[in-house]
1. Sort W213, W82 by Cβ crowding within 10 Å, fewest neighbours at the top.
2. Which of the pairs K11/K40; K40/K373; K40/K256; K128/K247; K11/K93 have their Cα atoms more than 23 Å apart in this structure?
3. Using Cβ contacts closer than 10 Å as the measure, can you line up M166, M360, M317, M352 from fewest to most?
4. Can you compute the modelled spin-label distance between E37 and S301, with each label point 7 Å from Cα toward Cβ, in nm?
5. Share of antiparallel DSSP beta bridges in the chain, in percent to the nearest 5?
6. Over the Cα atoms of the range 223-309, what Rg and Dmax result, in angstrom?
7. For the chain, set up a Gaussian network in which alpha carbons nearer than 10 Å are linked by springs, and say which option among D211, D330, D258 fluctuates the most.
8. How high is the relative contact order of the chain? Use alpha-carbon pairs under 8 Å, at least six apart in sequence, and give a whole percent.
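Every number here is computed from the coordinates shown, using simple stated rules; none is lab data. Since we're looking at a predicted model, the values are computed, not measured. Glycine gets a Cβ as well: all are built from the backbone with ideal geometry, and neighbour counts include every protein chain shown.
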Amino acid sequence: MANNFAAIVPKIFAATLPSLRNAARACRVCRVDFKPEVAKSGDTIDFPVPVASSTAAVAPGVSPVANTDKVPTTTKLLLDQWRRSDKIALTAKEYSEIDAGDFRNSQLLEQTIALIEELNASVLSEAKNRSFRRVGTAATTPFGSGVAQQSSIDVRKNLQQGKAPMYDRHLLLDPSAEAAALGISAISDASLRGNSDAKLSGEIGQVFGLDHWGDQQVVSHVKGTAAGTLTHGTTIGAVGSASLFLKAGTTGTLKKGDLIAITTAGVVFNYVVAADVATVDTTAAGIAVAVFPPVQATHVSADVWTLVGNHVANIGMQRGAIGLGIRPVDPSTLGLGTHVQMTDPETGLSLMYSEIPEYMQVSCQVSILYGIKAVRDDWLVRLLG
């Protein structure tokens, strides 16, 4: 049996990878930033975001054209999630099984999976709460009627409108939506698609330029309780500002992630609520509602709002939409024991494995320090289910 915990951690990690990758569908389609330098909870990571450029006519001459300064903006990602698994004791038998590579049913695997599933759910929640573009019908499973594959086509259309890069696009589906998609002959039949992958593996793969993934953790959204006729208050949010003003027929609430559509001069503008509103105002002026994107038009009190109903939030996205930052923690701050960091080259997920000596036993724990933030909201699309 190995007497060095660091020597068996790679075996633990290797045995965990298949389940880890299966449990991390959303994590795999993020813009992952992992660097080996240590950090602490509360540190920030800068994610650069390029700025728009322009063009000009070429005018040959003696002097070269002067450079145009371009200063990319940055969004700061806060490393605010320092999470750990349960701490479990390892017996001498389990140590022997780990060393021999024969521990497929070890509780240690579940410790890792629980941690990654929590991270994965956080990615899906961030994507849901920041996606203002939407397609589909609330409380109706997509891929189920009409042109069956229209759901994917509509997601693609919205990514096009958001000017998302053409590559590395993904669609994360809950079990019901994935099952409905797999039932479409144009997606699953080898004779129509040119390969039999979907029927052999159950994986949809790439259709219409989107890599389709089934994710068991796709989240649902329960809307606020604001009711009656919803209109814009007489207080007008200026174009480009961060708030709209809502007047409701009946007092209620709005929830972070609520989808709002406002029709102004025949054009529908979509917004997502950025923070909970505890009490919606029923007075004429209305109450400020933080939204994004910034206010897109001059909305007036005659405009009627539509608050989208409860739904499953399947997510279409380009990889650059969500930033996931992971950093190792300085082992010297973790207390007694042996601490080993391991990184999966495929997903970019990096975990800290800790062996902790105790009275007459040794315990093991898995931890991770990370932060999640939507970097490009316009590269997200919510497919309602």
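1. Going from sparsest to densest Cβ surroundings: W82, W213.
2. Over 23 Å Cα-Cα: K11/K40; K40/K256; K128/K247.
3. With the fewest neighbours first, M166, M360, M317, M352 line up as M360, M166, M352, M317.
4. 5.5 nm
5. 85 percent
6. Rg and Dmax of the range 223-309, Cα atoms, are 11.1, 30 Å.
7. D330
8. Relative contact order here is 26 percent.
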